[in-house]
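Read-outs: derived from the displayed coordinates by stated rules, not from any lab. Keep in mind that this is a model prediction, so the values were computed, not measured. FYI the Cβ positions are ideal-geometry reconstructions off the backbone, even for glycines, and counts take in every protein chain you see.
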Amino acid sequence: MKVFIHHRQKKETAIFEGARMRKTLKGACEAVGVEWVDSPHMDAEIAHFISPRDLHLARAEKERGSKIVVSAFYCESDPEACFFKETWTGNEKLSKKGRQMLEVADLILVPSEGLRRYLANIGLQAKIDVLRPTVDLRRFSGPIQEAMIFPRYFTLPPNAKTVIATGSYADKKTLDFIKNVAKACPKIDFYFFGVFPKRDGFGLSRAVALLKKPKNLHLLRTVQDDIYRSGILNCLAYISNDSLRPDAIRSLEAFAAKRQVLVIGPARKKGENLLLEEGSTCFYFDDPEKMGKYLLTLYQGSAPSTIISAYKVAESHSLPYFGKKLKEEYESLIRE
């Protein structure tokens, strides 16, 4: 069995969920002995896609006779790989191209039962299965030298404390929230790594000017994977910018790195987000001042933490389990 795994990515978006999901799929295949290729000219029985932006290639692969697998809703905070419209505010609404991509698929994989039911109710013909998201724990258990890449790259002083957040520069509400948290914590450096949706014509310098950010908030384009991973290993906390999104790759990575996860927004009902559970794997804050106060106590080493229980969740979402289930899905599809 040979699988073509594809996600068209820009170099500067390498840290975002689509690129990370592609790496995860390849790692999962390797873990269970499934051969993967990254060229459409290798006669693969299965072609696996992550983003609606690859619709043209998915249609071409289907015409060649390949079975089409689509992983949907794992990367909804990534403008290069999301299926919901970028203006999504809680009501699940597929983009036009997102629906077209799912209509090409022979098998659709989703991260939750709720999303499976949602797709089943809109008339798609493909088989829809739940395959919960995963994280490769080995990538976040490296030597101490890996954690030092980030402070060296940004020339941080010894013992500097940092907070990491990622997202889109189109998300003005999140940026404003993080700006106010940074103002409340002048001794902590905040790093926001973001991308610009194609519809946004302004550049990074203009975004910085419009935000009137404090000196300890650093607005940056995305960086290379090893630098970002080092940042997660090195940081005080990771801020999740949308608790409603069904994807959780970056939060799972923070769990695996044993970093505290904080979520912007009011706490959700128990079971609404199975990974981001208030008081169990993270803390929710709908007020930037309150998040700032928490970070100051975390900085001082006296704050409550969800790190241990969150790491157990990361362990339960390990790559070997994911790889085994993925291989079963591929084999079942080929037999049909």
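What are the aspartates and glutamates whose alpha-carbon lies under 17 Å from the alpha-carbon of residue 212, with same-chain residues fewer than 8 places away excluded?
The qualifying aspartates and glutamates are 171, 176, 189.
How far is helix 172-184 tilted, in degrees, relative to the longest principal axis of the Cα atoms in the chain, given as a value from 0 to 90 rounded to the nearest 10?
Tilt relative to the chain: about 30 degrees.
For every helix of n ≥ 4 consecutive DSSP H residues, a contribution of -39,500 (n - 2.57) applies; sum these over the chain, divide by its total residues, and give [θ] at 222 nm rounded to the nearest 500 deg cm²/dmol. It would help to have the intermediate numbers written out before the result.
On the way: 13 runs with 129 residues, N = 336.
That calculation yields -11000 deg cm²/dmol at 222 nm.
Is the shape of segment 16-86 best called rounded, prolate or oblate, per the rule: a/c under 1.5 gives rounded, else a/b larger than b/c gives prolate, else oblate, with a ≥ b ≥ c the square roots of the Cα gyration tensor eigenvalues?
Working: a/c = 2.47, a/b = 1.24, b/c = 1.99.
Oblate.
Of 316, 302, 280, which is the most mobile in a GNM of the chain whose springs link Cα atoms less than 10 angstrom apart?
The residue that fluctuates most here is 302.
With springs only between Cα atoms under 10 Å, which of 111, 304, 143 fluctuates most in a Gaussian network model of the chain?
Comparing 111, 304, 143 in the GNM, the peak value goes to 143.
When the dipole is taken about the Cα centre of the chain, and only Lys, Arg (+1) and Asp, Glu (-1) are charged at their Cβ, what size is it in debye, to the nearest 20? Walk me through the numbers on the way to the answer.
Values: 53 positive and 41 negative charges, 191 e Å.
Approximately 920 debye in magnitude.
Picking from 24, 297, 281, which is most flexible by a Gaussian network model of the chain using Cα springs under 10 Å?
Per the Cα network of the chain with a 10 Å cutoff, 297 tops the list.
Test of understanding: what is the full-extension gain from residue 299 to residue 41, defined as 0.36 nm times their sequence separation minus their Cα-Cα distance?
Working: separation 258, 0.36 × 258 = 92.88 nm, distance 5.22 nm.
That works out to 87.7 nm of additional length.
How much length, in nm to one decimal, is gained on full extension between residue 187 and residue 289, taken as 0.36 nm per residue of separation minus their Cα-Cα distance? Walk me through the intermediate numbers first.
Details: separation 102, 0.36 × 102 = 36.72 nm, distance 1.49 nm.
The span from residue 187 to residue 289 would gain 35.2 nm if fully extended.
Residue 127 versus residue 212, label points 7 Å from Cα toward the beta carbon: distance in nm?
Going from the residue 127 label point to the residue 212 one covers 5.7 nm.
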